[in-house]
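Written out below as C-alpha cells is the structure these notes cover.
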Amino acid sequence: MLRMRVMKHWKKIRPEHRESLKCEVLHAFQKEKVHSVQHSLSQLSAALVKRESPERWPTLFLLLNESTRSTDPQERQVGLLLLSKVVESNPEPFKPHYCQLLQLFSSVLEELGDPSCLYYSILTVTAITAYTGTEEMNLMRALIPKLIVALKHLIKCDQDQASEAMEVFDELIESEVSILVPYISEIVYFCLEVTQDTSLSDSLRVKALSCISVLIRLKSKAVLKHKLLSPILQTVFPVLSTAPPPGQEDPEDRAQDEDDDEDDDNGSENPKHLAAQVIDSLALHLPPEKLFPQLMPLTEACLSSENPYERKAGLMCLAVLAEGCADHIRNKMLSSMLQTVCRSVSDNSEVVRSAALFALGQFSEHLQPQISKYSAELMPLLLGYLSGLNHSKTGHVTKAFYALENFLENLGEDIQPYLPTLMDNMLTALNHSENLKIKELAVSAIGAIANAGKELLVPYFPPVIESLKGFLTDTRDEVRSLQTQALDTLSVLARTVGHDVFGPLAAECVQLGLNLTDAVDDPDLRRCTYSLFSAVSSISPDCLHPHLPAVTTIMVLALKSTEGVTAHHEEDKHVAFLPYLESSFQQVYELRDFPHEGVRRAAFTALGYFCRAQHKVWKENPTEDNYQALQKLLSVVLSSFLEAVRQDRERHVVMAVLESMNSVLKSCEGEALRDPERLLAISQVILDVLKKKTACQDGTGADEGDDEDEQQAEYDAMLQEFAGEGIPLLAAAVPAETFSPHLRELLPLIVSKAVSLASPPNMSYKACCTVSDRSFSVGTLGETLQALTRVQGGRQLAGELSEQLMPVLVTGAKDCDAEVRSNSVFALGALAEAAGPAIVQQYPVILGLFSSLLSKEEDPRAVDNLCAALCRMIVSSPESVPLDQVPDGSHVRVFCPSVLLLLCLPYCSPLTPLFTCCHFPQVFPVLLSHLPLKEDLEENKTVFGCLAFLYSHNPALVLNHLSTILSAASQVLTTKNIDAETQNATVLLLRSLSKHHSQEFEGAVMSLPEEQRSALTAVAIQL
C-alpha cells in the first residue's frame, strides 16, 4: 500500500518528509529478518529510486556497498536483493557504477554455495545489459562462462528462479550479441543440456530452445563455423517426436471450440512447439546445402517409424522447411516430398493426418507456383477428405480447411472444374451447420475461392452475401470471431467479383463497417473493417468520400493505441484524403521503431503509400506548394527507409522497407532523386545489402566469412533480390551519365551471382550460385538494360557495358534451368535494344545462339522470350538480321569477328572456315512459327510492335506471311485480361493492314478457321 501511494503522490510529499521516508525505509530494511518483508521493502526502495535519482540518496549507495561486500552471507544476500530491485527499477542512473558492479558480480558468481546470491546477481546483470557500452564490454564478456556455471547450479536449486535468470541470455542477444559470440558453443551446449533433461520444467526447456532459435537467427554463420548444427538436430528431434503423457494430446491436436482459444494459445509454448521453431529457424537462416544433408536422414527415419508421434515429427519437419528452403524444395524435392505428405493424409493415426494436412497447407503457401501444377492429384484428395470428416472434431477440421484454403488461393482459373463442389460444400456449411467454427471456416474458404476464381464466383454471390449480412448484423458476443472472418471475406469479394456486381453494395458495406466499429470494441474486428474500407475505396471511391472524417478518426485512434497500421485506401482516395494526410502520416511515422516487427513492416509500407499519394496529388495539381510538400515528404520517408535497411535486425522488416522504397522509386521516378544525395545514398544502401553489411545480415560483410559463407540461406538471397530490384528503377529515373558510376560499382556484385556449373573456366568465382541467384542476376541485368533504353545517354552506357555482359548472358542462355535461360534471353534482347549499333557486330553470336535454343527449347516462357528478343533485335537493327528470302537457301552465313570466336564455337560446324562460322535460318518465318506466345503474354506488345515496324518498313515481308500473323493476332485479341498496350499494338497493325491492303487482308481472314475468323471480324467492325 505504501509503495503504491508513494508512486502516486511522490510530488506532493514535502522534501523533508521524503528524506525522512528514505531513512526509515533503509533502517527498516536493515533490521528486518523475514524474507517476504525484506522483499517488499526492497520494492519500496526501488519505487523511491524510480521517483528520485539514486545520486540524491547517498545512504542507499553506502548500504549497498557495505552489504554486497559483507562477509556475512545473510547480509550479502539481502544487499544483492536490494541492489537487484533498485537497479531493475531505474538502470540508467547507475551507469557510472557498472564497471564496479560487474567486478562485484564476477566475484559473487564464483561462490556457488548461495543460489539466492547467484539469482539476484544475474537479475541485476540482465537489468543493466541494455545500457552497457564499450567500456563495460570486456567485463561483460568475461562474465559469460561464470553465468553458465551459475545457471547450472541454480537449476539444481530452484527451477523457477533459473528460468527467470535465463532471460539474461535473451537480453544479451538482443542488446549485445557480439559479447556472446566467443562463447556461442558453450551457450548452445548448455541450452541443449537443459533441453535434453526431461525432468526439468517446460518453462526452462522452452527458454533453452528459444535461446538456440534466436542465436541461429542472429549468428547462423557462427553456428555453422562451430559445427553446432548436428548436435542441435540430434537434440531437437527427440523432443519433436515425444509422445504426450498417456491420456493426453499435444495442444495442437486437442479438440477446439470457440471457447478454448485462450487455453490453446497458452499451450503453444511448450518444448515440442519450440523444437519445431528451432528447425524453422535453421531453414530460414542456413543454406539448404548445409542443412539438408544432416536434417533429411533424421526426418526420413521419423517418417518410416511405427510410432505415430515420430511420423508426425517427420511431417512437422517437412512443413517448417517449406518457407525457408522453398527454392531448394521446388527445384529438387517437391515431387517426393509431396508424395510423402499425400500418403500421410491417409495414415491410420489422426495426429499424423493432422500433421500431413498442416504440411500440405505450408507447401501450398510457400511452394508456388510449382505445387499448383499438382491440382489434378491434390484437389480430389482434399475434397474427398473434407467430405468424410466428423465436424465435431473442429481442431482436425481446421487443419483440413487450412490445407484446402492455401491450395485454392493460387489456383486461378484452374479452380473452375472444382467450383460447383466447393461452393455446394461451403453454402451447405453456412446454411445448415450449427457449429459456429465450421461456419467461420467456410466463410474463410469462400474468400480463398474468390481470390482464385474472381468473376467465376459471381453466380454464387447472392447467397454468399446474404449469409455474410446475417452474420454481420448479429449482436451476440459468441459470433464475434465469425463476424471478423465475414468482414475479411467481404473485403476479398469487393476486390474480386468486379465493380458491376459489388458496386451497388459498396455504400451499404461502408455504413455496416462504421456501425460495427461504433458498437463493438474489438481490435480484430476494427482491423477487418479497415480492410473493407480499403477494398471499397478501390472499386467505388465516391462511396467512401462522405465518411472519410469518421474513417480517418477511428484509424488514427487505432494507431495511437498501437493496434496496427492500415496502408491501403489513402492512395486510392489521394485527393479526398489529403486533409488527413499530415496527421495520419505523423502517427504512422512514429511507429517505425515499434517493438513488434509486424507493426514496423506495416508502418514502412504505409509511409511508401503516403509518398505515392502525395506524388499523384502533385501530378494532378502541379503547384509549387504540392511540389514542396512532396519533396519534404520524400526527404523524411526515404531517410527513414535507408536507416531501417541498415539498422533493423529483422529481415522481414528490411524486405518490406526495400519493397516500399522500390514502389516509391517506381511511382515518383526522377522526383524521388531530385536531390543528388538521395541517388548516392540509395545506391550505397543497395551496395551494403549486396555486400551483406547490414544489421539483419549479421553485419559482417561478404569479405569476412570463410568459403562456406558463399552459400547463404534462401531468405538472405531474397533480401538481396529486393535490394537488386532497385537498380533498374534507379537506372530508369536519372540520365545514364548520372547513374553510370553507381551502376559500375553495383554491376560486379550482380554479375557474380550468375555463375553456374556451365560457366566458362575463366570465370573464377568461389562457388557455383544457386538457380535463384542466377535467375535474379540475369533478370536484374535485363531489367536494367531495358531501363537504359528510356533515358538520356542510355545507348552509350549499354554499349560500353556490352563486352562485360555478353559472356554472362550467353552462358545464362545455356543454363540448365529454364527460368535462367528465359531471363538471359530477355536480357540479350534488351542489350540489343539498348546498345543499338554498338552491339551489331555481336548479332551473329546472338542469332546463332537463338537458333540453337529454338531448335530444342521446351519451356514455353523461354520460347516466348526468344521471340521477343528477336523482335527487339529486328527493331534495333533490321538490316543486321536475315529476315527472309536468303539467296543460298534457308540458312545464312554471317561474318563472325575473332573476338567472338569462343562464344561462337558451340554453334559452328567443324568444317566451317574461321571467322565465317555462324549459320542460322531465316529469322522471320521461324519467329512466326512460334506465335502466338504461350506464357509470357506481356511480350505480345513487343512482338506486335515489331510486326507493325516491319510492315511500315517492308510491307511485302509481312504480306507474304499475312495468314500466320492474323491467326496469331486473333488469338491474342481473344486472350482474357489483355493489357491495353498489347491491344493497341495489335489493333494498330490490323487497322493499317485493312486500310492499305484490304484485299490481301480480307483474303487472309477468310483463310482462317471459323473461330479465328469471327474474332477478327468482330475487331474489323471497330476498325
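The values are calculated or read from the model by the stated rules, or taken from the named source; none is laboratory data. Values in this document were obtained by computation on a predicted structure and should not be read as measured data. All Cβ positions, even for glycine, are placed from backbone atoms using ideal geometry, and neighbour counts span all protein chains on display. When the accessible area is computed, the model is the full protein with side chains, heavy atoms only, and any ligands, DNA or RNA have been set aside. Shrake-Rupley method; radii C 1.70, N 1.55, O 1.52, S 1.80 Å.
Per residue, the accessible area of the chain comes to 43 Å², computed with a 1.4 Å probe over protein heavy atoms only.
Among 454-464, 997-1007, the peptide with the highest mean count of other Cβ atoms within 10 Å heads the list, and the full ranking is 454-464, 997-1007. Here the accessible area of the range 97-206 is 48 percent carbon and sulfur, with a 1.4 angstrom probe and all protein chains present.
Our helix-only sum for the chain, with -39,500 (n - 2.57) per DSSP H run of n ≥ 4 divided by its residues, gives a mean residue ellipticity at 222 nm of -22500 deg cm²/dmol.
Counting Cα-Cα pairs of the range 357-458 in 10 Å increments starting at 0 gives whole-percent bin shares of 15, 54, 28, 2. What angle, in degrees between 0 and 90 and rounded to the nearest 10, separates the Cα long axis of helix 651-668 from the longest principal axis of the Cα atoms of the chain? Here the helix axis deviates by roughly 40 degrees. Share of the range 372-471's accessible area from carbon and sulfur, percent, 1.4 Å? Here it works out to 53 percent.
Compute the signed sum of charges (Lys and Arg +1, Asp and Glu -1) over the other residues within less than 14 Å, Cβ to Cβ, of L993. Result for the local shell: 0. Shape class for the range 931-1022, computed from the alpha carbon gyration tensor (a ≥ b ≥ c): oblate, with a/c not under 1.5 and a/b at or below b/c.
Counting only protein heavy atoms, what percent of the accessible surface of the range 931-1022 is carbon or sulfur at a 1.4 Å probe? Carbon and sulfur: 50 percent of the exposed surface of the range 931-1022.
Pairs of C-alpha atoms in the chain farther apart than 43 Å represent 50 percent of all such pairs. Ellipsoid fit via the Cα gyration tensor, the range 411-570: semi-axes of 26, 19, 13 Å, each the root of five times an eigenvalue, largest first.
Legend: residue pairs K207/K693; K95/K146; K272/K437, Cα-Cα distance threshold 28 Å; pairs beyond threshold, K207/K693. Taking Cα atoms only, the orientation of helix 843-854 departs from the longest principal axis of the chain by about 80 degrees.
Sorting the segments 951-960, 503-512, 522-531, 720-729 by their residues' average number of neighbouring beta-carbon atoms within 10 angstrom, most packed first, yields 720-729, 522-531, 503-512, 951-960. Shown for the range 617-753 is the translational diffusion coefficient from the Stokes-Einstein equation, using the Kirkwood radius over Cα pairs, a temperature of 37 °C and a viscosity of 0.692 mPa s: 210 µm²/s. Positive-end ranking of G945, S992, I965 along the dipole of the range 931-1022, with charges on Cβ about the Cα centre, is headed by S992. Hull volume per residue, based on the alpha-carbon atoms of the range 777-882 and their convex hull, is 84 Å³.
Which value, in Å³ per residue, describes the convex hull spanned by the Cα atoms of the range 64-136?
76 Å³
Straight-line cross-link reach from K50 at under 16 Å between alpha-carbon atoms covers these aspartates and glutamates, not counting any fewer than eight positions away in the same chain: E19, E88, E92. Other residues whose C-beta falls under 11 angstrom from the C-beta of Q277 contribute a net charge of 0, scoring Lys and Arg +1 and Asp and Glu -1.
Diffusion coefficient of the range 160-202 by Stokes-Einstein, Kirkwood radius over Cα pairs, 10 °C, 1.306 mPa s: 140 µm²/s.
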